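To start, the structure under review is shown below, and the notes come after it.
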Amino acid sequence: MKSPFNFIVKPHKGTRYNNTVDWEGVEFTTNTSEEEAKFSNRKAIVVSVPLDYDGPIKAGYTLLVHHNVFKFYNDMKGRRKSGRSFFRENLFFVDSEQFFMYHDGNKWNAHDRYCFVSPIPSEECYIQKPTHEPLMGRMEYPNDYLLNQGVYTGTIVSFTPDCEYEFDVDGEMMYRIYDHQITMKHGH
């Protein structure tokens, strides 16, 4: 089964939410709110690619998706519903604007105009600053455009204010940022 324009995916580990922890063999639910975006499952397994798609993504790859792909919501009468991405059973449609990276079995790869930057610790300073250096980070997953501009993995970069969209990537907190929001690279 293939869609003309969308990837067909299923939630990683078969769940729409990542709201449980295993503690000494007992599973605990850490949050019961379906509205809290940070508990929405962000990983999707590709079941099929769109018709006539000839890009790098294949069935079986993992996508890092928008938090609304798998979320439930309540309609005006309070009835629990699936969002617009829902197809049937545990399958969902995802277009190219709803995912930000893909994992090919070996490594994560930035998709389209997105890149991922990890925060860096604050430098010692006499003024009070947050624990992370504001508007700066370490490039972790540059896209093709940034690579062509000399911004590689490990490059320290600056970015525009309020563009940081937090993601957990394999246990590391990172910012998803559009490439045009990277304003400067530091060093050589």
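The values are calculated or read from the model by the stated rules, or taken from the named source; none is laboratory data. As the structure is a computational prediction, the values presented were derived from the model and not from experiment. A quick note on method: Cβ atoms are made from the backbone with ideal geometry, for glycine too, and the neighbour counts reach across all protein chains shown. The accessibility values were calculated without ligands, DNA or RNA, using every heavy atom of the protein model including side chains. Shrake-Rupley method; radii C 1.70, N 1.55, O 1.52, S 1.80 Å.
What the table shows:
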quantity	calculated
Counted residues, the stretch 86-100 - those being open to solvent by 30 Å² or more (accessible area, probe 1.4 Å) and within 20 Å of the chain's Cα centre (by Cα)	6
Number of the exception - Lys2 against (1) part of a strand (DSSP E or B); (2) at pLDDT 85 or above; (3) of a type outside the set (Val, Ile, Thr); (4) open to solvent by 50 Å² or more (accessible area, probe 1.4 Å)	(1)
Sole exception among (1) in a strand (DSSP E or B); (2) open to solvent by 40 Å² or more (accessible area, probe 1.4 Å); (3) at pLDDT 95 or above for Tyr73, by number	(3)
Top-ranked residue in the stretch 61-85 [being over 17 Å from Tyr102 (Cβ atoms) and among the polar types (S, T, N, Q); ranked as farthest from the chain's Cα centre (by Cα)]	Asn74
Matching option when the condition is part of a strand (DSSP E or B), of a type in the set (A, V, I, L, M, F, W, C) and either at pLDDT 95 or above or open to solvent by less than 60 Å² (accessible area, probe 1.4 Å) (or both), among Ile57, Ile120	Ile120
